[in-house]
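Worksheet for the structure shown next.
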Amino acid sequence: MKYVTEFRDPVAARQLLAAISHTVDQIGATKDNPVRLMEICGGHTHAIFRYGLDRLTPPGLEFIHGPGCPVCVLPMRRVDECVEIAMRPEVIFTTFGDAMRVPGRRKSLLDSKSEGADVRMVYSPLDALELARCNPDREVVFFGLGFETTTPSTALTILQAASEGIGNFSLFCNHITVTPPLRLLLEDPEMKLDGFIGPGHVSMVIGTRPYEFIAREFGKPLVVAGFEPLDLLQSVLMLLRQRVEGRAEIENQYARIVPEEGNPASLAAIEQVYEPRPTFEWRGLGEIDKSGLRIREAYAAYDAERKFDVGYGSSKPHVPDTESFACGAVMTGRMKPFVCPEFGKGCTPEHPLGALMVSSEGACAAYYQYADVRPEVAE
Amino acid sequence: MCLGIPGQIVEITDSERKLATVDISGVRRVVNVACVTTNRSLDDLIGRWALIHVGFAMSLIDEAEAALTLKALHELDEVSGELETITRTEAMMRTGAETGQGPVQ
Amino acid sequence: MNALNKLLEGRISLAHGGGGKAMHDLIDQIFAARFKPDSREDQARLSHPALAEPGAQLAFTTDSFVVSPLEFPGGDIGRIAVCGTVNDLAVGGARPLWLSVGFILEEGFEVATLVRIVDSMVGTAEEAGVRIVTGDTKVVDKGKGDGVFINTAGVGVIPPGRTLLASSVRAGDVAIVNHRLGDHGAAILAARGDLALSASIESDCQPLNGLMEAVLAAAPGVRAARDATRGGLASCLNEIAQEAGVGIEIEEQLLPIHPEVRGVSEILGLDPLYLANEGTLVLFVPEEEADAALAAMKATPAGQGAAIIGCAVSEHPKRVVMQTLFGGGRIVDMLVGEQLPRIC
């Protein structure tokens, strides 16, 4: 596969790993005093485990898994609201596969499907719109989920629906933006991070400038990285070299996809359809100001929150999550998944307590599935 | 977050709705190309590679930048060849210090 | 003739399962005309010289088949229903002989489609050298089925001296697959249409009894074989590791995977190791017989794509570990639930 295979070349990977080892030694980092790099994006977490990169890099380098999995940061009550919409008899509820198994307070979308809700998995919001075209007597709702990578796709889908006057399509908007939680993490005095591996696909939309505050205000480096193993390793090396050279800058390893200024058409579509919410709740992180998007008044007809009276605009009272487990600490990198008392015992991919165990990008599921840290279950 | 995969645009299927067919390792799918048509005619897209995410071409792949990244990776071969020599020499010097012998020249 | 044409152009009604004339017409003209049973008694009466051999064992298995769409590139529900049961017998070292078939038809199902499915079963049974000797039909109300569900049960004979058991796999044994991985799963995903992917990939759906006989003749020491159906190769390797109490190590670069299967997997964020197969098995053979087993496989039509993919090891008992392209190791776990396409 072009642009994929050449970035998975094992020979080049070995060279990169040798250079990483050498640079970690140069820094003098050790297992007990490691260089701590946060990969923000869940796709990076997934790739690190899928290719076993955590086992190939030296012990003086530690990956901290960040809050960049939109499924994992979704609060339980938003899942409950999905279920509420999905259970309505007139609704065809469409979603990306990722969100199907995420537990709400009472049930997941998969559970509601087994109870008779018409929940369908789609690959693209355009496919949900097509379902609306084909089923004019049903209400088709799409579960809009994701960071800036995915936001343009739902914005353009709403614009398409509006231009065709498709009235039975709406979006349950849970889009979030990547920089507000980063600021939150950086302002946390307990967070000890030496740099960030920046989310490549978010950046192809927003460009590299929105990260500048990280270097300017907090003196931390960030390298926007691609998703193939060589991309990740090269980005790690770039971060380490900044450290050696005493720099803290925003660099772009993924220039083949990410233009510095982002994608103007995508940004325009987002701007046209969405506006920031005053506040949005993140699982494990709580409410974060201006971190979520909602549909503008002009497109209210396509807003499932308004259409079905759920969520932030709803007349019903808003109950925040009560978390009995350590998802928040894991999400912010303060706790390794296997340290959580529920990990692999009360909380497994089969019976997840937290969303980090559901999504294959969640740090807990990644550790459970790929890394050799699972507690032995007595036989 | 954000699974994306390179695909090659092979055909414009609906110019009004800005839809095109992409080929991803032999698998084809119609995607929306609205995000990559700024200052460009739709026909110019044919043959170009784009990053595909949830049925949308999100960014055109810059072949020159891809080549530069790969070049940097391959230059590393030489650098890390040197690094290996340095590391080995250092290791030998340490061994030498422990055993009281000088490094082998 | 007119009555037959009328039946062929029509749809299944509740009367076709009611025990009356409509049901008998369906049985006579669709099923019996094709499966050609020896008699019309309520049971098949069977004998075979292989059963009389001292030490021979009877092998008996059953499987039910639901698939959407019913017809897909490389096969259909009928072909799968024959292959699935034949292969369940074959991977245990049995020579499959006879199959039963039960149809659960949904009211309104097109008879023409049913005929194509039955013809496909007859053709696949011939290919596998087995006979479909008895059967049953039921009809359910519209909306209570998915066109057609099929159950097949199969009987075969394990010749004296053959003992293929997952529990007898030992560290050092070599793991071989006969075919690329994930073709069926990817073909079905593309054929289903709701993901709007078009691909030319075909299901691997094929009987494997001929291949098993060839391999066992060339490498009688084969310890165990499993067909990697639902849950894919990953689930099947985990079962073997569990039962044998050994670790299994596979190498990513040795896994045969079609580029389109990679394409579908990359687009949907799926892992080909977990995609279903319908004509792909993995077997474990002592190292000294591995080359003979591989060569014998490659000499059969179902084994053209055969490859060694790894081995059983004494380390990490009951776990399957894959060496990735760069020598990093990762655990390949049992599939949890259904593999869902992901975007993020």
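The values are calculated or read from the model by the stated rules, or taken from the named source; none is laboratory data. Please read all numbers here as calculations on a predicted model, not as lab measurements. With ideal geometry, Cβ positions are generated from the backbone for all residues, glycine too; neighbour counts draw on all protein chains shown. Each accessible area value is taken on the protein alone, full model and side chains, heavy atoms only, with ligands, DNA and RNA left out. Shrake-Rupley method; radii C 1.70, N 1.55, O 1.52, S 1.80 Å.
Counting Lys +1, Arg +1, Asp -1, Glu -1, what net charge surrounds B:TRP49 among other residues with beta carbon under 11 Å of its beta carbon? Net charge around B:TRP49: 0. Comparing Cα centroids, segment A:204-229 and segment C:150-166 end up 60 angstrom apart. Over what distance in Å are the Cα centres of segment C:214-239 and segment C:188-202 separated? Their Cα centres are 28 Å away from one another. Given a 1.4 Å probe and the protein chains as shown, B:LYS71 ends up with an accessible area of around 120 Å².
Counting heavy atoms of the protein chains alone, B:LYS18 has an accessible area of about 80 Å² for a 1.4 Å probe.
A simple spin-label model places pseudo-atoms 7 Å from Cα toward Cβ; at B:GLU11 and C:SER64 they are separated by 4.1 nm. Across peptide A:259-268, the mean count of Cβ atoms from other chains lying within 10 Å of each residue's own Cβ comes to 3. Coupling constants for segment B:35-44 follow from the phi torsions by the Karplus curve (6.51 cos²θ - 1.76 cosθ + 1.60, θ = phi - 60°), and in residue order they are 6, 10, 10, 4, 6, 8, 7, 4, 5, 5 Hz; glycine and proline get x. Compute for segment A:127-188: radius of gyration divided by Kirkwood radius, i.e. Rg/Rh, restricted to C-alpha atoms, rounded to two decimals. Taking Rh as the inverse mean 1/r over Cα pairs, Rg/Rh reads 1.16.
Using alpha carbons only, how many degrees (0 to 90, rounded to 10) separate the axis of helix C:232-244 from the longest principal axis of chain C? The angle comes out at about 60 degrees. State which entries of A:LYS31/A:LYS336; A:LYS2/B:LYS71; A:LYS192/A:LYS336; A:LYS113/C:LYS138; A:LYS107/A:LYS336; A:LYS31/A:LYS192 exceed 20 angstrom in Cα-Cα distance in the structure shown. As for pairs spanning more than 20 Å Cα to Cα, those are A:LYS113/C:LYS138; A:LYS107/A:LYS336. Packing around the peptides C:139-147, A:34-42, C:25-33, A:120-128, taken as the average count of other Cβ atoms within 10 Å per residue, puts them in this order, highest first: A:34-42, A:120-128, C:25-33, C:139-147.
Rounded to 0.05, the FRET efficiency of the A:GLU260 and A:SER114 pair, given R0 = 60 Å and the Cβ-Cβ distance, is 0.80.
With Cα atoms defining each centre, segment C:1-49 and segment A:71-119 are spaced 45 Å apart in the structure.
Between A:ILE64, A:ILE206, A:ILE27, the Gaussian network model of chain A with springs among Cα atoms under 10 angstrom shows the greatest mean-square fluctuation at A:ILE27.
Neighbours of C:GLU260 by Cβ distance under 11 Å: Lys/Arg scored +1, Asp/Glu scored -1, total -1. Taking amide H atoms as placed 1.01 Å from N in the peptide plane, the amide H of A:VAL122 lies under 5 Å from those of A:THR95, A:PHE96, A:GLY97, each 5 or more residues away in sequence or on another chain.
Partner shielding of A:11-22 amounts to 5, given as the average count of beta-carbon atoms from other chains within 10 Å of each residue beta-carbon. Scaled against the 2.2 N^0.38 Å expected of a compact globular protein of N residues, the Cα radius of gyration of chain A reads 1.00. Normalised by residue number, the volume inside the convex hull of the Cα atoms of segment B:5-61 is 66 Å³ per residue. In terms of accessible area, using a 1.4 Å probe and ignoring ligands and nucleic acids, A:LEU56, C:LEU255 rank largest first as A:LEU56, C:LEU255. Close amide H pairs (under 5 Å, H built 1.01 Å from N) link A:LEU222 with A:PHE196, A:GLU249, A:ILE250, A:GLU251, residues at least 5 positions away or on another chain.
Scaling against 2.2 N^0.38 Å puts the C-alpha radius of gyration of chain C at 1.05. Mind running the shape call on the protein assembly as shown? Use the C-alpha gyration tensor, a ≥ b ≥ c as the square roots of the eigenvalues: rounded below 1.5 for a/c, prolate if a/b tops b/c, oblate otherwise. Verdict is oblate for the protein assembly as shown.
Note on chain A: helix-only mean residue ellipticity at 222 nm, from DSSP H runs of 4+ residues weighted -39500 (n - 2.57) and normalised by residue number, equals -10500 deg cm²/dmol. Note on A:GLU6 and C:GLN43: their simple-model spin labels are 6.9 nm apart, each label 7 Å out from Cα toward Cβ. The label point for A:PHE338 and the one for C:GLN253, both projected 7 Å from the Cα toward the Cβ, are 2.8 nm apart. Counting only heavy atoms of the protein chains and using a 1.4 Å probe, A:ASP111 has close to 60 Å² of accessible surface. Which of the three applies to segment C:166-331, rounded, prolate or oblate, going by the alpha-carbon gyration tensor with a ≥ b ≥ c and a/c under 1.5 meaning rounded? Oblate, because a/c is 1.5 or more while a/b does not exceed b/c. Shown in residue order for segment C:291-308 are the 3J(HN,Hα) couplings computed by the Karplus curve 6.51 cos²θ - 1.76 cosθ + 1.60 at θ = phi - 60°: 5, 5, 5, 4, 5, 5, 4, 5, 7, 9, x, 7, x, 4, x, 4, 7, 6 Hz (x for Gly and Pro). Which FRET efficiency value, to the nearest 0.05, is calculated for C:LYS298 and C:SER167 with the Förster distance at 25 angstrom and r the Cβ-Cβ distance? Result of the calculation: an efficiency of 0.35. With a ≥ b ≥ c taken as the square roots of the eigenvalues of the C-alpha gyration tensor of segment C:235-344, please select rounded if a/c is under 1.5 and otherwise prolate if a/b is larger than b/c or oblate if it is not? Oblate, because a/c is 1.5 or more while a/b does not exceed b/c. Relative to the dominant Cα principal axis of chain C, helix C:111-128 is inclined by about 50°.
Report the local net charge at C:PRO159: Lys and Arg +1, Asp and Glu -1, summed over other residues whose C-beta lies under 12 Å from its C-beta. Residues close to C:PRO159 contribute a combined charge of 0. Let's test the formula: R0 of 25 Å, r as the Cβ-Cβ distance of A:LEU186 and A:ASP32. What FRET efficiency results, to the nearest 0.05? About 0.55, to the nearest 0.05.
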